[in-house]
Structures are given as C-alpha cells and as structure tokens.
1. Can you give me the angle between helix 110-119 and the longest principal axis of the chain, using Cα atoms only, in degrees from 0 to 90, rounded to the nearest 10?
2. If you split all Cα-Cα distances of the chain into 10 Å bins from zero, what percentages do you get per bin, shortest first?
3. How big is the Cα convex hull of region 152-254 in projection, averaged over all directions, in nm²?
4. Would you list 235, 53 from fewest to most Cβ contacts within 10 Å?
5. Run the numbers on region 2-261 and let me know its relative contact order in percent, using alpha-carbon pairs under 8 Å that are six or more apart.
6. Pairs 59/112; 41/72; 37/72; 41/148; 41/156: which exceed 23 Å Cα-Cα?
7. With the Cα gyration tensor of region 80-140 in hand, give its eigenvalues times 5 under a square root as the equivalent ellipsoid semi-axes, listed largest first in whole angstrom.
8. Compute the separation of the alpha-carbon centres of region 119-196 and region 43-75 and state it in Å as a whole number.
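Read-outs: derived from the displayed coordinates by stated rules, not from any lab. The structure displayed is predicted, hence computed values, not measured ones. Please note: Cβ atoms are built from the backbone with ideal geometry, for glycine as well, and neighbour counts cover all protein chains shown.
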Amino acid sequence: MKKISILLSLILLSSLLAMAHEFWLEPQKFLLTVGEKLHLKIFVGEGFMGEEIDFSRFKVAKYTHYTPDGEKNTNGSLNEQQLNDFLKFDTEGNHLIALNNTNKHIELEADKFNDYLKEEGLDNVLAWRKDHNALDKKGREMYQRCVKTLLQVGNKHNEIYRRNTGMRLELIPQQNPYTATESLTFQVLFDNKPVENALVLIWQKGIEKPGVRKLRTDKSGKVTFSFEQKGIFMISTVYMIPHTNPEEADWQSYWGSYTFGFK
C-alpha cells in the first residue's frame, strides 16, 4: 500500500511539473571568480518559484556553453556529474549557457487550454480556436524549452550576452545586463525573424518586493524596461504555431527564458 501511495505521489508530481509554466536555468550564483566551478540547476514552476528537477529526465537537443575562448557542446542525456565536469569557468568575461530539450506532449481539457492561452498572451491561437469553433475542443500540444543563462566571471565583459544560439525561439538582450544601469531592451526572434506583439514577462526576485512586469513586443520584436542591478532576473515568453502533423498534435509551442543576476 505504501508503494502504491509513493507511486501515486510521483505521478501527481510529474503531472504538476508538466503543467507548470516557467522553466529556467538558475546557477547557485551568477557572479563568479576565475577558476570557480558551478552547479547549474534547472527549475520548473510558476511565479519564478519552483522545484529543481533532474537533468536526466530530459532529452537534450542542444546544450552549449559559450565562453570567451569558444563553445563547448554536448547532446543526448545529461546528468549532474556531466554538468559539474562541463561547467568550468577558467576565462574571465561573460559566459552564456543555452539549453533546448526535445519535444514533449501534453493534452489539456478545453477550458484549461483556453485559460492557458489567455494567461500566456497567445491571443492569436485563442482567436483561431474561436473562429474555427474549437473553443470546446481539447488542446493537444507538443512543446519544448529554449532557455539561457548569463554569468559574469571576473570583471571583463564581451558580446556573448547577445549571441544568437540557433534555437528556434531566441530572447536576445540588446545591452549587456552586467554593464547596463537604467534600462534594458530584449528582442524576441522566431526562426531569426522578429516576433511582434509577443507577451514578454520580466520577473525579478531576491529583492524586497519581487514581482513581474508584462510587456508586448513592438514591430521589431523588442521590449524596453527600466532596470537596476539588483536580485535575479528572468525574461520569458511563449510562442505557438500549428503543429505540422495534426495526428500527433494541434499545436507546437516554444518556451523561452533568459536569466541573469547579481548574487
């Protein structure tokens, strides 16, 4: 009976994690000294608060560490030992880590799917469902994550922060967060094209009043927001397109996040 209870708990946890919205990379610290090693963590949850999850649960399409000396790549499955071996910071400057996992499937009841579209600002998909009398149909979706984190090693700076990593959904800062002081601009790209009217969330925690700001991108796919170098930031967005195989799913979504911080 105890084993059944544990199994049910694990299934419930798995379901909750699948339903959780944000997915992000959060290292133990963002400001490092040369030669320091780092344990990188993946979190999934809501409100920039969540549960750390095991890397080995994910099939990795891309995992790249961009350094001032070049790129370090791996693919397939990851485990903690591989990451600890992989993340060495021997070169001063900015370091960018990008992770893209392979597709996962989820199916939601009609009301939940419609609510999710509203919450993530996917008005075009919601409008399509309304125009095609599909608001009462389940949402069958394939999704994948396109996430980055930016670290500062020592005192030098470089252009790595704005690297286009080749993921289908890209969040790219137009200024270096570790040198900017008053404002930041981010651009949203899908297949290297600017995304207009995307809902972008600017999360901030580790400060007295954590919270989130919501902005829409302009015609060039950009949003600009006021900024102070305090706490930990996550910039996030979601982009959804029709799935290419209707027998497999109706929609394909991409979830992007970009984290950096001053702790």
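1. Value to nearest ten degrees: 30.
2. 6, 29, 36, 21, 7, 1
3. Working: hull surface 32.0 nm².
The Cα convex hull of region 152-254, projected and averaged over all directions, gives 8.0 nm².
4. Working: 235 25, 53 17.
So the residues, fewest neighbours to most, are 53, 235.
5. On the way: 588 pairs, mean separation 48.1, N = 260.
Rounded, it is 19 percent for region 2-261.
6. Details: 59/112 27 Å; 41/72 18 Å; 37/72 15 Å; 41/148 12 Å; 41/156 25 Å.
Too far apart for the 23 Å limit: 59/112; 41/156.
7. On the way: eigenvalues 337, 43, 14 Å².
Here the semi-axes work out to 41, 15, 8 Å.
8. Here the two parts' Cα centres lie 16 Å apart.
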